[in-house]
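S.K.: The structure's right below; bear with me while I get my questions together.
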Amino acid sequence: MTEADAGFVVFDRVQKSYDGETLVVKDLNLSIGKGEFLTMLGPSGSGKTTCLMMLAGFESATHGEILLDGHPINNIPPHKRGIGMVFQNYALFPHMTVAENLAFPLEVRKIGKSEREAKVKRALEMVQMGAFGGRRPAQLSGGQQQRIALARALVFEPELVLMDEPLGALDKQLREHMQFEITRLAHSLGITTVYVTHDQTEALTMSDRVAVFDDGRIQQLAPPDLLYEAPENSFVAQFIGENNTLEGTVENITDGVAVVRLDDGELIDAKPVNVSKPGERTLVSIRPERVEIDKSRLSPGVHTVHAEVLEFIYMGDIYRTRLRVAGNEDFVIKTRNAPDQRRLRPGEHIEIGWLPEDCRALDA
Ligand SMILES: Nc1ncnc2c1ncn2[C@@H]1O[C@H](COP(=O)(O)OP(=O)(O)O)[C@@H](O)[C@H]1O
Ligand SMILES: [Mg+2]
């Protein structure tokens, strides 16, 4: 990848305030590669749409610069940026047929009739709606309308497509199907995509990289597997996937392992991620599938913790067990349904443990 390809879209120290006082985007530095599928994920109000609107040109940055293919775009109007867009409420024109809706962005770009027709046909086939060109939007289901909106964003072959919660209005099954369709199309056409969602499953399954937003800042920018397995702070650990947390104080850090004293007095081992010295408060984070209930599988010398079984749920492929651990009554473990795995009974008292590298000592 060349330098320009690595930074096809660049946010450079971008800030945004709507009222001249509060910054809703605080200091955004983000470089998106050509052909990359990047998702901005975060809770409502974290600034995702604002970032997309600045990139599209519907809002201007209060500070900093946005570059597209190496050129600053702060002063280029939206329709000249060559960006395709799909939004949850980006309605199709109701008085036009599907084909006319798709031809519209081509007419705006002064593309001749025969080329226009060929491109519309191709775009409709791309979203498997080839037979629907003559219909009006009202004669289509929600999912079909969303497909047409996608085709309209792609019909003029933009290099960059922005999507803001485009699947939010669809039911679960259709949403999952469209997630697959969108990533397949984006990758096969080599389009750079910036996708916004508050749905972490959607972000993890669709993206090359995910930027986790909270409070106007990127909390972590990483590929999906790293976000899940190596969260850099408590916000990301709790926002992505299921996660157990325990509160405590760092006792010591030796050879890359932090010994943490939980608030009930027990000691555990963890990987020091953003704690550095004894006495610091920490929130340790451990995934449900990384907890070991069989002591013989843990390395000798590793600390174990007392747990009381509160609930056992048989889920077919896995067992899901809820425990009380150091005062936390929502400590969940997941174990594979296998002949060598025991089914725990409510009321039972057990010892649990983990590999220190699977447990992360994060900010309190
Ligand atoms: N046009 C606007 N005028 C004033 N405040 C806005 C406007 N758009 C968004 N905001 C505020 O900016 C913050 C970020 O909003 P937004 O970018 O829409 O977040 P998200 O898409 O992550 O939900 C919120 O506090 C929101 O109320
Ligand atoms: Mg939004």
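S.K.: Looking only at region 327-364, which residues are loosely packed, with under 14 Cβ neighbours inside 10 Å, over 30 Å from residue 277 (Cα atoms) and either in contact with a strand residue (DSSP E or B) (Cβ under 9 Å, 6 or more places away or on another chain) or not aliphatic (A, V, I, L, M) (or both)?
M.R.: 336, 337, 339, 340, 341, 342, 343, 345, 346, 347, 349
S.K.: Further question on the same structure: Criterion first (free of Cβ contacts under 8 Å to residues at least 40 places away in the same chain and surrounded by 14 or more Cβ atoms within 10 Å (Cβ to Cβ)) does residue 324 satisfy it? Working first, answer last.
M.R.: Numbers: free of Cβ contacts under 8 Å to residues at least 40 places away in the same chain: yes; surrounded by 14 or more Cβ atoms within 10 Å (Cβ to Cβ): yes.
Yes.
S.K.: Mind listing whichever residues of region 8-31 are acidic (Asp, Glu) and within 12 Å of ligand 1 (Cβ to nearest atom)?
M.R.: We begin by selecting, within region 8-31, every residue acidic (Asp, Glu); these are 12, 19, 21, 27.
19, 21, listed by residue number.
S.K.: Scanning region 189-207 for residues that are in a strand (DSSP E or B) and either more than 18 Å from residue 159 (Cβ to Cβ) or not assigned by TED's automatic domain parsing to the domain that holds residue 222 (or both), which turns out farthest from ligand 2 (Cβ to nearest atom)? Explain how you work it out, then say what you get.
M.R.: Here is the first cut: in region 189-207, the residues in a strand (DSSP E or B) are 192-197.
Then keep just the ones that are either more than 18 Å from residue 159 (Cβ to Cβ) or not assigned by TED's automatic domain parsing to the domain that holds residue 222 (or both); that gives 196-197.
Values: 196: 6, 197: 9 Å.
Within region 189-207, the match that is farthest from ligand 2 (Cβ to nearest atom) is 197.
S.K.: Take the conditions more than 19 Å from the chain's Cα centre (by Cα), within 16 Å of ligand 1 (Cβ to nearest atom), assigned by TED's automatic domain parsing to the domain that holds residue 211 and in a loop (DSSP other than H, G, I, E, B) and apply them to residue 93. Does it pass? Write out each step before concluding.
M.R.: Numbers: more than 19 Å from the chain's Cα centre (by Cα): yes; within 16 Å of ligand 1 (Cβ to nearest atom): no; assigned by TED's automatic domain parsing to the domain that holds residue 211: yes; in a loop (DSSP other than H, G, I, E, B): yes.
No.
S.K.: Could you tell me which numbered condition residue 61 fails, if it satisfies all but one of (1) surrounded by 18 or more Cβ atoms within 10 Å (Cβ to Cβ); (2) away from ligand 2 (no atom under 16 Å from the Cβ); (3) in a helix (DSSP H, G or I)?
M.R.: Of the numbered conditions (1) surrounded by 18 or more Cβ atoms within 10 Å (Cβ to Cβ); (2) away from ligand 2 (no atom under 16 Å from the Cβ); (3) in a helix (DSSP H, G or I), the odd one out for residue 61 is (3).
S.K.: Any idea which residue in region 32-57 is nearest to residue 157 (Cα to Cα), counting only those that are of a type in the set (Gly, Ala, Ser) and more than 12 Å from ligand 1 (Cβ to nearest atom)? Walk me through how you get there before you give the answer.
M.R.: Initial filter on region 32-57 (of a type in the set (Gly, Ala, Ser)): 33, 35, 42, 44-47, 56-57.
The next check asks that each one be more than 12 Å from ligand 1 (Cβ to nearest atom); those that pass are 33, 35, 56-57.
On the way: 33: 18, 35: 13, 56: 16, 57: 19 Å.
The selected residue is 35.
S.K.: Quick one: is residue 138 more than 16 Å from ligand 2 (Cβ to nearest atom), closer than 18 Å to residue 189 by Cβ and among the small types (Gly, Ala, Ser)? If you could, list the steps in order and put the result at the bottom.
M.R.: Details: more than 16 Å from ligand 2 (Cβ to nearest atom): yes; closer than 18 Å to residue 189 by Cβ: no; among the small types (Gly, Ala, Ser): yes.
Judged against the criteria, residue 138 is not a match.
S.K.: So, of the residues in region 200-216 that are surrounded by fewer than 18 Cβ atoms within 10 Å (Cβ to Cβ) and in contact (Cβ under 8 Å) with a residue 12 or more places away in the chain, which turns out to be nearest to ligand 1 (Cβ to nearest atom)? Don't jump to the end; show me each part of the working.
M.R.: Kept after step one, since they are surrounded by fewer than 18 Cβ atoms within 10 Å (Cβ to Cβ), are these residues of region 200-216: 201, 205, 208, 215.
Checking which are in contact (Cβ under 8 Å) with a residue 12 or more places away in the chain leaves us with 205, 208, 215.
Details: 205: 20, 208: 20, 215: 10 Å.
By that ranking, first place goes to 215.
The values are calculated or read from the model by the stated rules, or taken from the named source; none is laboratory data. Given the structure is predicted, the values throughout are model-derived calculations rather than measurements. In this analysis, Cβ positions are derived from the backbone assuming ideal geometry, glycine residues included, and neighbour counts consider all displayed protein chains.
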